[in-house]
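The values are calculated or read from the model by the stated rules, or taken from the named source; none is laboratory data. A quick note: this is a predicted structure, and the numbers were derived from the prediction, not measured. Please note: Cβ atoms are built from the backbone with ideal geometry, for glycine as well, and neighbour counts cover all protein chains shown. SASA here: full protein model, heavy atoms, side chains in, ligands and nucleic acids out. Shrake-Rupley method; radii C 1.70, N 1.55, O 1.52, S 1.80 Å.
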Amino acid sequence: MKNSLLFLTAGIAGISSSCDSTKKLPEQPNIIFIMTDDHAYQALSCYGGTINETPNLDRIANEGMLFENSFVTNSISAPSRAVLLTGKLSHLNGQITNGNSFDGSQLTFPKLLQETGYQTAIVGKWHLKSDPTGFDYWNILPGQGDYYNPDFIENGERKNHEGYVTNLITDFTIDWLENRDMEKPFTLLYHHKAPHRSWMPDTADLTLYDDVTFPLPENYWDDYEGRGRAAAEQRMRIDEVMSDCMDLKLCGDLSESEPGGSNKNWMRVYGKMTEKQRIAWNLAYKPKNDAMKEAGLSEKELSEWKFQRYMRDYLRCIHSVDKNVGRLLDYLEENGLSENTVVIYTSDQGFYLGEHGWFDKRFMYEESHKMPLMVKYPPMIEKGSSNKNMVMNLDFAPTILNLAGVTIPNEMQGESLLPILKGENPDNWRKEVYYHYFEYPGAHSVKRHYGIRNDNYKLIHFYFDADYWELYDIKSDPSEMNNLINDPNYDSILQELKQRLYELKDHYGDTPELEQKHLPERMKK
């Protein structure tokens, strides 16, 4: 299939639109790639989510295409971002964990776009340690960045800015659009920190959802029976892992927190706030915190209280993202850019909103494996369309290059989504996706694993300090509560999936030797 998509060197001008066959597409459309951090598809109303409304993000889906089966290849921030840039899986681009520093000398899609006359820019979260390469302009958060009054590094110069990070990222993005070279096409990566932990909302939204009680997921009290050690030994439970100050906002002024650990982090964050921000924060949280402390909650009630606090803060952060994406979409419309600009929205991975009792990501289980993806481009994409084909973040770089009429290098492992965006349904599109998570030992103690998912089943192999398999029937058990690995009725399915999994490992060059290479030195065989 790939050979049929790679060599559109003459550009995409003249391809008929699925909306209007009389339209001609620009040879080099503008491209805006929007990425949030840890935005669960369950928290998007266009994905059928009922816990919140995301009207501006829904605009992208309503005016374009929503992908129902979009998956990450390694559910953790820095590796996902490296896959986006390189179009190669983690074991080949070298960014296997958050701890690595990205090798910026390798080939990336922004570099190729630069060579063909595109202006390239990234604003917001980078999280790859090394400086960005391939960008004419970059204005990024150092590391994770702060929600309040953050530092940014603008083309190498570190500067502090007063304000809320989601608003500032949008301000800087629009400012760059206003001051770019208007004669050239552009590719802009607009990357938000939100809604990453520790979910600190804009002061304008600190009481949003106070009157909402969110339903507990059916498997919130999951005991992990029938599954392997990884599910039981993780450190992701809301009621066990969240910190009082940073996560649960139970510390107000500095006198309420003791130096050290996460409290030390809180003292730094709270200390950076302006007086006005602190007043708003304490007015919003102190009465709620006092009421909780006076309630004498049982262990079960406290766990449920923590879930509610988490959900409200998490969704407040998404509310701010939604408003700011709306600002950007309005800017495009008001400045005549909507028709010739491709807008792509995704997250760096999925996220748990209490499913299995968890927050965070990392596992190949559905909530962190699946991620949102919506694309709008009026001349090409039918409004309000959706697609069920299985796609991966591995496909982003080839798709962007293909849209820009740039040859896709053979070293990129993904497939261009261009035919799908045009409304076609390629007969030879992939029938399954591949996954490999490496960051163990590490944060949250999720064991190393790789696996395969197709429309009906998911097979996962946990390895390193464990060696066992899990098999799930996605159709009948979407919450992945029933491990079928020892069910003889699934023996033939298991063998077929194992064979295909090993074929995919070979196809993507993910060899046992590379697994050994990516182990800590003291743990290699």
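Structure above, values below:
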| quantity | calculated |
| --- | --- |
| Single unsatisfied condition, GLU339 versus (1) surrounded by fewer than 20 Cβ atoms within 10 Å (Cβ to Cβ); (2) on the phi > 0 side of the Ramachandran plot | (2) |
| Any hit, region 162-181, residues being touching a Phe, Trp or Tyr at 6+ places or on another chain (Cβ under 9 Å), outside any helix (DSSP H, G or I), touching a residue at least 60 places away in the same chain (Cβ under 8 Å) and surrounded by 19 or more Cβ atoms within 10 Å (Cβ to Cβ) | yes |
| One residue from LEU84, LEU57, LEU92 being of a type outside the set (Ser, Thr, Tyr), at pLDDT 95 or above, closer than 28 Å to GLU411 by Cβ and touching a strand residue (DSSP E or B) at 6+ places or on another chain (Cβ under 8 Å) | LEU84 |
| Matching residues in region 284-315 - criterion: being in contact with a Gly (Cβ under 7 Å, 6 or more places away or on another chain) and of a type in the set (D, E, K, R) | LYS286 |
| Pairs where the first residue, in region 374-390, is touching a residue at least 12 places away in the same chain (Cβ under 8 Å) and the second is open to solvent by 60 Å² or more (accessible area, probe 1.4 Å) and among the basic types (Lys, Arg), C-beta under 6 Å, 6+ apart | PRO379/LYS23 |
| Matching option when the condition is among the charged types (D, E, K, R) and open to solvent by 30 Å² or more (accessible area, probe 1.4 Å), among ASP313, ASP222, ASP247, ASP210 | ASP210 |
| Residue satisfying all of: in region 191-207; closer than 21 Å to ASN282 by Cα and of a type in the set (Gly, Ala, Ser); surrounded by the fewest Cβ atoms within 10 Å (Cβ to Cβ) among these | ALA204 |
| Among residues of region 316-336, those that are in a helix (DSSP H, G or I) and open to solvent by 10 Å² or more (accessible area, probe 1.4 Å), counted | 7 |
| Residue in region 194-204 that is more than 21 Å from SER347 (Cα to Cα), outside any strand (DSSP E or B), of a type in the set (Ser, Thr, Tyr) and under 23 Å from the mean Cα position of the chain (by Cα) present | no |
| Qualifying residue in region 345-361 (condition: surrounded by 24 or more Cβ atoms within 10 Å (Cβ to Cβ), under 14 Å from PHE33 (Cβ atoms) and β-branched (Val, Ile, Thr)) | no |
| Strands (runs of 3 or more DSSP E) wholly inside region 370-478 that include at least 1 residues being under 22 Å from TRP358 (Cβ atoms) | 432-437, 449-454, 457-462, 468-473 |
| Filtered residue count, region 48-59, keeping only those that are closer than 14 Å to VAL343 by Cβ and surrounded by 24 or more Cβ atoms within 10 Å (Cβ to Cβ) | 1 |
| Any pair with Cβ under 7 angstrom, 6 or more apart, that starts in region 73-97 at a residue that is touching a residue at least 24 places away in the same chain (Cβ under 8 Å) and farther than 17 Å from ILE122 by Cβ and ends at one that is of a type in the set (Gly, Ala, Ser) and open to solvent by 10 Å² or more (accessible area, probe 1.4 Å) | LEU92/GLY509; THR97/GLY442 |
| Qualifying positions in region 75-97 - closer than 21 Å to GLY451 by Cβ and touching a Lys or Arg at 6+ places or on another chain (Cβ under 9 Å) | SER75, ILE76, SER77, ALA78, ALA82, HIS91, GLN95 |
| Members of region 416-473 found to be open to solvent by less than 10 Å² (accessible area, probe 1.4 Å) and among the polar types (S, T, N, Q), listed by number | SER416 |
